[in-house]
Amino acid sequence: MSKQVEIKIKYFAEGLEPIQTAAGSDWIDLRAAEEVHMEAGEYRLIPLGVGMELPDGWEAHVVPRSSTFQNYGLLQANAMGVVDGSYRGDHDQWRWPAYATREIVIPKNARICQFRIIENQPRIEFRTVEHLEGPDRGGFGSTGLQ
């Protein structure tokens, strides 16, 4: 059984509680805190209506829901958002960086993205070497199409 972690959460608007999805999934859905109108080609930081105080040594990874592009034509502008543990102040509302591929209206409370928390990796010490011991695989992207 996995351990339970407590996260302090502050709501910037009512009715925006995160939704823990189906059993077996680690991802938690987040909602648009307001109705958002976007034109094709527009970029916007969509407020999610929550701020969280993550436990020490943890960070959150924020990505679109699988249906977000299909439903709204939105792409996450920076591929994946990382909310580090220091983003925990009283006014640090989480936002989702969206790029619209078509004109759309996102209703308030629409589930548009999801997050999970990950423990921070340990400190890394890099050691310079002349040669790596593994076999060469032919370069990045060289494993073929099938």
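The values are calculated or read from the model by the stated rules, or taken from the named source; none is laboratory data. None of these values were measured; they are calculated from a predicted model. Because the Cβ atoms are built from the backbone with ideal geometry, glycine has one as well, and the counts that use them run over all protein chains shown. We work out accessible area using only protein heavy atoms, side chains counted, and drop any ligands, DNA or RNA first. Shrake-Rupley method; radii C 1.70, N 1.55, O 1.52, S 1.80 Å.
Checked across segment 119-127, the condition of being within 20 Å of TYR11 (Cβ to Cβ) and either part of a strand (DSSP E or B) or open to solvent by less than 80 Å² (accessible area, probe 1.4 Å) (or both) holds for no residue. Of all residues in segment 72-121 being within 10 Å of VAL62 (Cα to Cα) and β-branched (Val, Ile, Thr), which is nearest to the chain's Cα centre (by Cα)? Restricting to residues being within 10 Å of VAL62 (Cα to Cα) and β-branched (Val, Ile, Thr), the top hit is VAL82.
Checked against the criterion of being of a type in the set (A, V, I, L, M, F, W, C), within 27 Å of LYS8 (Cα to Cα) and either part of a strand (DSSP E or B) or open to solvent by 60 Å² or more (accessible area, probe 1.4 Å) (or both), segment 85-94 has no qualifying residue. Of everything in segment 26-38 that is part of a loop (DSSP other than H, G, I, E, B) and under 15 Å from the mean Cα position of the chain (by Cα), the residue that is modelled with the highest pLDDT is ALA32. From the list GLY15, GLY41, the one residue that fits, being at pLDDT below 95 and either under 20 Å from GLU103 (Cβ atoms) or open to solvent by less than 40 Å² (accessible area, probe 1.4 Å) (or both), is GLY15. Within segment 45-62, restricting attention to residues that are touching a strand residue (DSSP E or B) at 6+ places or on another chain (Cβ under 7 Å) and outside any strand (DSSP E or B), the residue that is farthest from TRP94 (Cα to Cα) is GLY57.
Checked against the criterion of being surrounded by fewer than 18 Cβ atoms within 10 Å (Cβ to Cβ), closer than 17 Å to ASN120 by Cα and touching a residue at least 24 places away in the same chain (Cβ under 8 Å), the candidates PRO97, PRO55 yield just one match: PRO55.
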